[in-house]
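The values are calculated or read from the model by the stated rules, or taken from the named source; none is laboratory data. On a predicted model such as this, the values are computed, not experimentally measured, just so you know. Reconstructed Cβ throughout: ideal geometry from the backbone, glycine too, with neighbour counts over all protein chains shown.
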Amino acid sequence: MERPLTQHISHETTPLNLKDYQKVGGYAGTRKVLKEMTPMEVTNLVKTSNLLGRGGAGFPTGVKWSLVSMDTEKSYPKYLVCNADEMEPGTFKDRYLLEGNPHQLIEGMIIAAYAIQAQTAYIFLRWAYKKAETELRKAITEAYDAGLLGKNILGTGYNLELKVHSSAGRYICGEETALLNSLEGKRAIPRTKPPFPAISGLFGKPTVVNNVETLAWLSHIVMNGSDWFKGLSLTATGGTKLYGVSGKVKNPGLWELPLGTTFRELIEDHAGGMLDGYGFRGLLPGGASTDFLIEEHLDIQMDFSTVAAAGSRMGTGTLIILDDKTCPVAFLHNIERFFALESCGFCTPCREGLPWVEKVLATIESGNGRMEHLDILKFQTRYLAPGNTFCAHAPGAAEPLQSGLKYFYDDFVSHINLKRCPWKS
């Protein structure tokens, strides 16, 4: 089984330096793109590969690039931004790539920047990723010294400046326009769309924002082709995926597997199954802002369309497992408290609704809940639904709650009838 993204990453060794990365084919994709391909040819290659964004939304990467104007007289400067903020609870895949093989990301950013003809690129990095920042800055310095960044890269006339921006650290920066506001030194709140960043992004100029895992794919697609990329997957969507598992399993961790691997294979074969004495109740398939799936869903394939058809989102592909010895009400209360604290406060449903949800869940968990509280929670899942808020923060927060009420309703009722949490002695 091929593992293109992680084959050169090891817990036992330091990341590949520039010399070692080049020995295993590193920057060959950069040379091919800059010396043999036009920007349009690179974009079309990524389009035909069907590379979907790995940040959670699954939007076609090549289509996003094609929205950027190539009219050189009107559209300069342009910017490429790598979203390395990774604030989604339960998600740690980008950190693995950043710390394990930073040159792979840098090469991907050179290719993406060339495709849209950007001459400045930023890595918007989560503030807490100190090791990742150290390794990135080291690799960027190596790339500059080797003539792979800066002026006249490889003698081709193409210029690219790459900078690392360590963020102030807010969940809302996962939303690309809030990220751009933060990068400009403004308050991290989403912007009105349209215009979309491809038209008016960073500093009002055309901008593409891509995720770490998405960008890491580009050199491999350039060197191996779109058919190879599609062949890695078990479904019509191409590539492998970094899947993670956290919770009461025997072997929590992260694995690069063919896109379309089932939940059951990931949990039982790779994560080793549930810890002895613990049973499976449910999972969040793509971080905290996704709907619960339960036992009946374990044999479906983990790709964007299949998980959506099951009533959830694949999101980041990092599973959070709920076991039978953890109170689902407390589980949800912890999640909703996080989302309430991380609201940017821009729109009323999110600013007022999420703290209300958190307080109601705390009341139920403490044993002071009433049946009408469940009606309040159900109302809030509708009030916070897509179309009622300025961005996707509150709708994402509502997803685990609405599915939790659906699948674990009896647990809520037990709290109310017993006037205590059944999981507490």
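Pull up region 162-219, narrow it to residues that are among the polar types (S, T, N, Q) and in a helix (DSSP H, G or I), then point me to the one that is nearest to GLU36 (Cα to Cα).
SER219
Of the residues VAL245, VAL208, VAL249, VAL222, only one is under 30 Å from PRO195 (Cα atoms) and in contact (Cβ under 8 Å) with a residue 60 or more places away in the chain; which?
VAL208
Exactly one condition in (1) charged (D, E, K, R); (2) at pLDDT below 95; (3) farther than 25 Å from ILE294 by Cα is not met by ARG382; state its number.
(3)
Within region 94-114, identify whether any single residue is touching a strand residue (DSSP E or B) at 6+ places or on another chain (Cβ under 9 Å) and charged (D, E, K, R), and answer yes or no.
Yes: one or more hits.
Looking only at region 65-84, count how many residues are at pLDDT 90 or above and either out of contact with any Gly (no Cβ under 7 Å at 6 or more places or on another chain) or hydroxyl-bearing (Ser, Thr, Tyr) (or both).
11
Please tell me if LYS325 is in a loop (DSSP other than H, G, I, E, B), surrounded by fewer than 18 Cβ atoms within 10 Å (Cβ to Cβ) and at pLDDT 95 or above.
Criteria met by LYS325.
Pairs under 7 Å by beta carbon, first residue free of Cβ contacts under 8 Å to residues at least 40 places away in the same chain in region 77-91, partner assigned to a loop (DSSP other than H, G, I, E, B) and not basic (Lys, Arg), six or more apart or different chains?
Here the result reads none, with nothing in region 77-91 linked to a residue that is assigned to a loop (DSSP other than H, G, I, E, B) and not basic (Lys, Arg).
Name the residues in region 276-292 that are among the aliphatic types (A, V, I, L, M) and touching a residue at least 40 places away in the same chain (Cβ under 8 Å), would you?
LEU284, ALA288
Against the condition surrounded by fewer than 21 Cβ atoms within 10 Å (Cβ to Cβ) and assigned by TED's automatic domain parsing to the domain that holds ALA271, how does THR306 come out, does it pass?
In short, yes.
For PRO395, are the conditions met, namely being of a type outside the set (Asp, Glu), modelled with pLDDT under 95, in contact with a Leu (Cβ under 7 Å, 6 or more places away or on another chain) and not in a loop (DSSP other than H, G, I, E, B)?
Yes, satisfied.
In the list GLU107, GLU99, which residue meets the criterion of being crowded, with 23+ Cβ neighbours inside 10 Å and among the acidic types (Asp, Glu)?
Testing whether each residue is crowded, with 23+ Cβ neighbours inside 10 Å and among the acidic types (Asp, Glu) leaves just GLU107.
Hey, does region 135-158 have a residue that's in the same structural domain as ARG54 (by TED's automatic domain parsing), of a type in the set (S, T, N, Q), over 18 Å from ASP85 (Cα atoms) and without any contact (Cβ under 8 Å) to a residue 24 or more places away in the chain?
Yes, region 135-158 contains a residue that is in the same structural domain as ARG54 (by TED's automatic domain parsing), of a type in the set (S, T, N, Q), over 18 Å from ASP85 (Cα atoms) and without any contact (Cβ under 8 Å) to a residue 24 or more places away in the chain.
Going by the conditions given, is LEU162 on the phi > 0 side of the Ramachandran plot, touching a residue at least 24 places away in the same chain (Cβ under 8 Å) and not assigned by TED's automatic domain parsing to the domain that holds PHE339?
no
As an exercise: evaluate ASN44 against (1) in contact with a His (Cβ under 7 Å, 6 or more places away or on another chain); (2) not in a loop (DSSP other than H, G, I, E, B) and give the number of the one condition it does not meet.
So the condition that ASN44 fails would be (1).
Of the residues GLY277, GLY282, GLY311, only one is out of contact with any strand residue (DSSP E or B) (no Cβ under 9 Å at 6 or more places or on another chain) and farther than 21 Å from CYS173 by Cβ; which?
Of GLY277, GLY282, GLY311, the one residue that is out of contact with any strand residue (DSSP E or B) (no Cβ under 9 Å at 6 or more places or on another chain) and farther than 21 Å from CYS173 by Cβ is GLY277.
Quick one: in region 405-422, which of the residues that are in contact with a Pro (Cβ under 6 Å, 6 or more places away or on another chain) and assigned to a helix (DSSP H, G or I) is farthest from LEU283 (Cα to Cα)?
In this case the residue turns out to be SER414.
Out of LYS131, LYS151, I need the residue that is farther than 16 Å from LEU183 by Cα and under 30 Å from the mean Cα position of the chain (by Cα). Which one?
Residue meeting the stated conditions: LYS131.
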